[in-house]
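Okay, so here's the structure we're looking at.
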Amino acid sequence: MTQLPNKYGYFSDDGLEYVITCAETPMPWVNVLSNGDYGFVISQAGSGYSWRTHASLNRITRWDQDLIRDEWGKYLYIRDAASGEFWSPTFQPCGEKLQDYRVRHGMGYSIIEGQQAGIASTVTYFVPEDDPCEIWVLRLKNEGNTPRQLQLFTYFEWLLGNAPDWHREFHRTFIETSYHEQGVLLATKVMWELPVPSKTHWNLSWPYMAFHSASLMPSGYDADKRDFLGRHGSPHNPAAVRTGQSSQHTGRWGDAIGSLRQDLTLAPDEQREIIYTLGAADNPEQAQALSQKYRDAAVVDSALATVKKYWRGITQSLSIETPDPALNVFANGWLQYQAISGRIKARTAYYQTGGAYGFRDQLQDSLVWLLLGQPEKTLAQIHLHAAHQYQDGIVLHWWHPIADTGMRSDYSDDLLWIPFVTLYYMHETGDFACLDAEIPYYDGGVGTLKEHCMRSFDMALSRRSPRGLPYILKADWNDGLNAVGAEGKGESVWMGHFLYYLLTAWADLPIVDAATKTRFEKEAEAVRAAVNQHAWDGAWYWRATTDAGELVGSHQSPEGQIFLNAQTWAILAGTADKDRARLAMASTRDHLYSPYGPLLLAPAYSIPDPHIGYLSRYAPGTRENGGVYCHAACWAVLAERKQNGMVSAYQVWRSFCPPVRGENPDAYSAEPYVMPGNVAGPLASQPGQAGWSWYTGSAAWYLRALTDGVLGLEGRVEGLRVKAELPPTWKQYRVKRQYRGAVYDITVRRAHDSEKEGCRVNGAEWQGEFLPIAKSGTTQSVEIILPA
């Protein structure tokens, strides 16, 4: 049984795999596999790249970001020794259309299956939970009635450091390869361009030992690109595979690659399994040990089972059942997987290669753990980011793990995401003692988490214009507005909403002392008054002012007349009064809602505006310039729920739901099983085309937009709040959600006949919008009955 099929693939019956049946998808449809240290990305064609800890600073294999050709990766070849015919068990690099080709992207693994010339093949790819390596398990079966003599080849190019290695002729001279009689290819590099303070340049060695091995002892090997490909050769038709010969040269004088060759015979109907390992160890001893460890099929099977168990535990932490199949399949694992594997663990993908921590990015991503009953991981993320804050309250906009260096932020909003995520954490857990934890500052000294938050507030409050609006500085959440306040005079209305929201929310916390409460309420009212006195444009709020005082996002603007965030956050923060909230959301629906979701702004800029920034330089309708920017679109769902109720929120949520949009895959282009960063708007050449998938903050927010915005479940200090509603076409929905260690099994349904409406908890009637806080480890059965 399949779910939501299109011409390229479908969700499996249990929803835990996306099965691709045609390799020639509109764009690469990938999987991001990572254990938080080591990882790799693999496309439906078998292409991709590997890294350890940081996908840009510590790339293991070479890869070129060409999403059209998608022809860089780590490949396998199968050669018939008798006929000389060869092919790959993946679509790339040979480009053969294998019979019965299937790619099964699962959570923590990918499997590619096919058949060619009477040989059936299956390759399973995964990253073990605790080791810095990846495993490929190749299974072959002779489907014919005569013995087959086969040769197997692997191939990839070593990078070992900063990516891309744009000056390959320079970098290749520092890589040394060697082959050990245990059947292990090793590679290391004596130069690493790590961005750390140093008196000398290019004078640091790469401190790891890369390795490649197989469970079947190699019959030959190659470590030089010229030897394997041949002069003017290519991975499509390499000389070593054509001839069936390996040169067996290693050292420091070639263009380093990794290739192992195995020769074997398959009897009729015989199956064989060969296990390949690729990784980056801390030292040669660990490289040898890991190579030996994963030659054992039982160890590999156990490691894969452990990975699957881990992700199954994640998917079972939140259960949602509705009459909407697309909602169900997306919300019961794929959004969680994307947020955790793609954004928190890997921090890289295909449309954007990364590896750094974005200060506001991974903080927001970590909110997903609160929905999964693992708030301690959200708190750990808060601590990590707070340790990258200066004593004056300013933070690093991003920083590199390994080097622990980054860019001091000139963005107005970055520092406020510490109190924002801490606020959510405290509401979910009731753990106010978290504020007492001591965390170092990036420039020395130590402060409690509360002190870190207060320094964020103090700095944010100090950066306001004479009329009381926050300065936008280099930009706010919308990085593309990077010229609006470059001279320090431009203002941000969205920041006004955001600051007001945080001040009022913190003032309402029971842990806040009276002086702070009074101060925050006074400052909040001043911000609210400034926003409403100066930023109301008649039917909506304008977005910003430039350094010269020109309005951005006003009906007076020639382009970019209305911006989404300035309206939705007026609702979410409560900055707008009832009448203005109604008008702002009506204007949003009239001007910004499209068949593909809420646009970030309209109309798109057709001419670059040097006073706006690079946002205006995107092609019209692309990304932030008049496209659907999915992160912000999630906030529109939450605003709709607050302003207009569940039905409106659900309609907006579904308007940019990938499994729904993916029903027309050629128009949509991106994967139907993960969130894109953006969807092209009406002025683009292909409206509705999605891009920038996987590496986007929209995954965690889209899940929260569903749980909080559509289904009406919100963790609060007082308890789990339920605002139950049903769309006209739904009879019921059911959610199992963890809250403070207890499982709340909640069914919302329509009354039968003359059945009494109301809420029952464990069979007893319950009044109020907050469910009782239950003992950790218990399960609470909640039934909410609405009018028929």
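The values are calculated or read from the model by the stated rules, or taken from the named source; none is laboratory data. Just so you know, these numbers come straight off a predicted model, no measurement behind them. Methodologically, a virtual Cβ is constructed for each residue, glycine included, from the backbone with ideal geometry; neighbour enumeration extends over all protein chains shown. Heavy atoms of the whole protein, side chains included, go into the accessibility calculation; ligands, DNA and RNA do not. Shrake-Rupley method; radii C 1.70, N 1.55, O 1.52, S 1.80 Å.
Any chance region 293-316 includes a residue that's of a type outside the set (A, V, I, L, M, F, W, C), within 24 Å of the chain's Cα centre (by Cα) and over 26 Å from T707 (Cβ atoms)?
There is at least one residue in region 293-316 that is of a type outside the set (A, V, I, L, M, F, W, C), within 24 Å of the chain's Cα centre (by Cα) and over 26 Å from T707 (Cβ atoms).
From the list V743, V735, V748, exactly one residue is of a type in the set (A, V, I, L, M, F, W, C), open to solvent by 20 Å² or more (accessible area, probe 1.4 Å) and either free of Cβ contacts under 8 Å to residues at least 60 places away in the same chain or in a strand (DSSP E or B) (or both). Which is it?
Result: V743 is the single residue among V743, V735, V748 that is of a type in the set (A, V, I, L, M, F, W, C), open to solvent by 20 Å² or more (accessible area, probe 1.4 Å) and either free of Cβ contacts under 8 Å to residues at least 60 places away in the same chain or in a strand (DSSP E or B) (or both).
Just to be sure I understand, how many residues within region 131-150 are in contact with a helix residue (DSSP H, G or I) (Cβ under 9 Å, 6 or more places away or on another chain) and either among the small types (G, A, S) or surrounded by 22 or more Cβ atoms within 10 Å (Cβ to Cβ) (or both)?
Going through region 131-150 one residue at a time, the tally reaches 3.
Suppose we filter region 669-681 for residues that are open to solvent by less than 10 Å² (accessible area, probe 1.4 Å) and either charged (D, E, K, R) or within 17 Å of the chain's Cα centre (by Cα) (or both); how many remain?
So the answer is 9.
Among the residues of region 766-788, write down those that are open to solvent by 60 Å² or more (accessible area, probe 1.4 Å), hydroxyl-bearing (S, T, Y) and either closer than 26 Å to T729 by Cβ or part of a loop (DSSP other than H, G, I, E, B) (or both).
Of everything in region 766-788, those that are open to solvent by 60 Å² or more (accessible area, probe 1.4 Å), hydroxyl-bearing (S, T, Y) and either closer than 26 Å to T729 by Cβ or part of a loop (DSSP other than H, G, I, E, B) (or both) turn out to be S776, S781.
List every residue pair whose Cβ atoms sit under 7 Å apart, with the two residues 6 or more apart in sequence or on different chains, where the first one lies in region 716-727 and is on the phi < 0 side of the Ramachandran plot and assigned to a strand (DSSP E or B) and the second, anywhere, is surrounded by fewer than 17 Cβ atoms within 10 Å (Cβ to Cβ) and at pLDDT 95 or above.
Partner pairs satisfying both residue conditions: R716/F770; L720/F770; R721/F770.
Out of (1) within 24 Å of S246 (Cα to Cα); (2) open to solvent by 10 Å² or more (accessible area, probe 1.4 Å); (3) over 21 Å from the mean Cα position of the chain (by Cα), the odd one out for W87 is which?
(2)
Could you identify the single residue in T448, T378 that is polar (S, T, N, Q), touching a helix residue (DSSP H, G or I) at 6+ places or on another chain (Cβ under 6 Å) and farther than 27 Å from S317 by Cα?
T448
Just need a number here: residues in region 151-170 that are open to solvent by 10 Å² or more (accessible area, probe 1.4 Å) and either within 13 Å of A210 (Cβ to Cβ) or out of contact with any His (no Cβ under 9 Å at 6 or more places or on another chain) (or both).
Number satisfying all stated conditions: 9.
Considering each residue of region 658-687, count those that are in a helix (DSSP H, G or I) and among the small types (G, A, S), and give that number.
1
Please go through region 117-170 and pick out each residue that is closer than 21 Å to S259 by Cβ and aliphatic (A, V, I, L, M).
I119, V123, I135, V137, L138, L140, L150, L152, L159, L160, A163
Report yes if some residue within region 607-619 is surrounded by fewer than 24 Cβ atoms within 10 Å (Cβ to Cβ), farther than 19 Å from V484 by Cβ, over 26 Å from the mean Cα position of the chain (by Cα) and of a type in the set (D, E, K, R); otherwise report no.
No, region 607-619 contains no residue that is surrounded by fewer than 24 Cβ atoms within 10 Å (Cβ to Cβ), farther than 19 Å from V484 by Cβ, over 26 Å from the mean Cα position of the chain (by Cα) and of a type in the set (D, E, K, R).
With the structure loaded, tell me whether G688 is crowded, with 24+ Cβ neighbours inside 10 Å and in contact with a Phe, Trp or Tyr (Cβ under 8 Å, 6 or more places away or on another chain) or whether it fails that test.
So G688 fails the test.
Take region 345-357 and flag every residue that is out of contact with any Pro (no Cβ under 8 Å at 6 or more places or on another chain), surrounded by 22 or more Cβ atoms within 10 Å (Cβ to Cβ) and not basic (K, R).
A346, T348, A349
If you check Q182 against the conditions, is it surrounded by fewer than 17 Cβ atoms within 10 Å (Cβ to Cβ), farther than 14 Å from I78 by Cβ and over 33 Å from the mean Cα position of the chain (by Cα)?
When the stated conditions are applied, Q182 passes them.
Does H171 satisfy the condition of being farther than 25 Å from Y18 by Cα and modelled with pLDDT of 95 or more?
Yes, satisfied.
Can you tell me which of (1) in contact with a strand residue (DSSP E or B) (Cβ under 6 Å, 6 or more places away or on another chain); (2) touching a residue at least 40 places away in the same chain (Cβ under 8 Å) is the one H397 doesn't meet?
Condition (2) is where H397 drops out.
Look at I340 and say whether it is modelled with pLDDT of 95 or more, crowded, with 24+ Cβ neighbours inside 10 Å, farther than 21 Å from V446 by Cα and of a type outside the set (S, T, N, Q).
Considered against the rule, which asks whether it is modelled with pLDDT of 95 or more, crowded, with 24+ Cβ neighbours inside 10 Å, farther than 21 Å from V446 by Cα and of a type outside the set (S, T, N, Q), I340 comes out as yes.
Rundown of residues vs (1) over 16 Å from Y357 (Cα atoms); (2) assigned to a helix (DSSP H, G or I), yes/no style:
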| residue | (1), (2) |
| --- | --- |
| A403 | no, no |
| M407 | no, no |
| I418 | no, yes |
| T422 | yes, yes |
| Y425 | yes, yes |
| E428 | yes, yes |
| L435 | yes, yes |
| I439 | yes, no |
| Y442 | no, no |
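I need a count of the residues in region 90-112 that are open to solvent by 10 Å² or more (accessible area, probe 1.4 Å), in a strand (DSSP E or B) and either touching an Asp or Glu at 6+ places or on another chain (Cβ under 9 Å) or over 20 Å from P268 (Cα atoms) (or both).
Number of matching residues: 6.
Mind listing whichever residues of region 442-451 are touching a residue at least 40 places away in the same chain (Cβ under 8 Å) and more than 27 Å from the chain's Cα centre (by Cα)?
D443, G444, G445, G447
So that you can scan it fast, the table gives a plain yes or no per residue for (1) buried (at least 20 other Cβ atoms within 10 Å of the Cβ); (2) of a type in the set (S, T, Y); (3) under 20 Å from I340 (Cα atoms); (4) within 22 Å of the chain's Cα centre (by Cα):
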{"site": "G626", "(1), (2), (3), (4)": "yes, no, no, no"}
{"site": "W653", "(1), (2), (3), (4)": "yes, no, no, yes"}
{"site": "A667", "(1), (2), (3), (4)": "no, no, no, no"}
{"site": "L683", "(1), (2), (3), (4)": "no, no, no, no"}
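Against the condition closer than 28 Å to G161 by Cα and either touching a residue at least 40 places away in the same chain (Cβ under 8 Å) or surrounded by 15 or more Cβ atoms within 10 Å (Cβ to Cβ) (or both), how does L384 come out, does it pass?
In short, yes.
Go through region 533-573 and report how many residues are among the acidic types (D, E) and without any contact (Cβ under 8 Å) to a residue 60 or more places away in the chain.
2
Suppose the filter is closer than 23 Å to D263 by Cβ, in a strand (DSSP E or B) and either in contact with a Phe, Trp or Tyr (Cβ under 7 Å, 6 or more places away or on another chain) or of a type in the set (S, T, Y) (or both); does S247 pass it?
Answer is no for this residue.
Do you know which residues across region 316-350 are farther than 25 Å from S655 by Cβ, of a type outside the set (A, V, I, L, M) and in a helix (DSSP H, G or I)?
Those that are farther than 25 Å from S655 by Cβ, of a type outside the set (A, V, I, L, M) and in a helix (DSSP H, G or I): S341, K345.
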